[in-house]
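Read through the structure below, which is laid out as structure tokens, and then see the notes.
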Amino acid sequence: MYSYEVTLEEMLQARENRADRQGQLIRRYAVPLISMTINIPGPQKSSPTSKYVFQEGYCILLSQLAVNPMTPLHSEAYDLPTGPEAYVAVQADARILKKLVIAIEDGHPLGRLLDLDVIGPNGRAISRAELGLGKRKCLMCEQAAHVCGRSRAHALPELLEAIKALVDSYTRKHQVVK
């Protein structure tokens with residue numbers, strides 16, 4: 001199978017493009033925006049696993065918006081070499097929306113692999129700290145995820161194996177019986 005390894009420059013450009021798109025959507029809809037990506041370490045950002053995790057997460061997000069009820073005014077998703085991305089503009093209070101996405105990140109079996117940011121209509125992201133919540137935990141240990149990520153506390157093969165085990169466990173439990 002063909003796999004593409006993204007460069008640092010491509011990831012930085014993708015981040016810039018994402019910020020531009022977020023700004024465009026916030027200006028157009030003037031409501032909070034959910035920006036969704038995935039947390040997969042390493043240079044291969046678009047793989048069958050990352051696409052599966054993203055699709056599951058996107059479906060979960062949309063279903064949680066529907067049951068709360070928070071109707072998206074606009075949603076779009078992209079499968080990019082730098083990893084899948086989605087944007088959902090929602091008529092809702094940004095802090096309530098942030099609590100909803102945190103519940104997905106912290107409560108769903110695949111939530112640790114999802115990155116769901118909420119950007120208010122003023123263009124400023126709502127943080128966990130603003131809601132009195134701690135930082136996300138590392139996939140491998142109890143440290144803050146950003147600390148382990150920056151220090152490279154865990155080897156890439158070890159992280160990818162933990163992700164594979166998490167996704168495999170989820171798919172075994174959620175297989176559709178025909």
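The values are calculated or read from the model by the stated rules, or taken from the named source; none is laboratory data. Computed from a prediction, not measured in an experiment: that's the story for all the values here. With ideal geometry, Cβ positions are generated from the backbone for all residues, glycine too; neighbour counts draw on all protein chains shown. Just the protein is used for accessible areas: all its heavy atoms, side chains included, with ligands, DNA and RNA removed. Shrake-Rupley method; radii C 1.70, N 1.55, O 1.52, S 1.80 Å.
Here are a few things to note about the model shown:
- Among all residues of the range 133-144, there is none that is in contact (Cβ under 8 Å) with a residue 60 or more places away in the chain, open to solvent by less than 40 Å² (accessible area, probe 1.4 Å) and of a type outside the set (S, T, N, Q).
- Each residue in the range 5-37 was checked for being at pLDDT 95 or above, buried (at least 18 other Cβ atoms within 10 Å of the Cβ) and not in a helix (DSSP H, G or I), and 7 pass.
- Scan of the range 152-178 for residues that are modelled with pLDDT under 85 and either touching a Pro at 6+ places or on another chain (Cβ under 6 Å) or open to solvent by less than 100 Å² (accessible area, probe 1.4 Å) (or both), ordered by number: H174
- Qualifying residue in the range 55-64 (condition: within 25 Å of R95 (Cβ to Cβ), out of contact with any Cys (no Cβ under 9 Å at 6 or more places or on another chain), of a type outside the set (S, T, Y) and surrounded by 19 or more Cβ atoms within 10 Å (Cβ to Cβ)): yes
- Residue that is in contact with a Pro (Cβ under 9 Å, 6 or more places away or on another chain), outside any loop (DSSP other than H, G, I, E, B) and open to solvent by 30 Å² or more (accessible area, probe 1.4 Å), where the choices are A103, A77: A77
- All positions within the range 119-162 that are assigned to a helix (DSSP H, G or I) and touching a helix residue (DSSP H, G or I) at 6+ places or on another chain (Cβ under 8 Å): E130, L131
- Only residues that are out of contact with any Asp or Glu (no Cβ under 8 Å at 6 or more places or on another chain) and aliphatic (A, V, I, L, M) were counted across the range 102-125, and they come to 6.
- Every residue from the range 39-53 that is in contact (Cβ under 8 Å) with a residue 40 or more places away in the chain, open to solvent by less than 30 Å² (accessible area, probe 1.4 Å) and touching a strand residue (DSSP E or B) at 6+ places or on another chain (Cβ under 8 Å): V53
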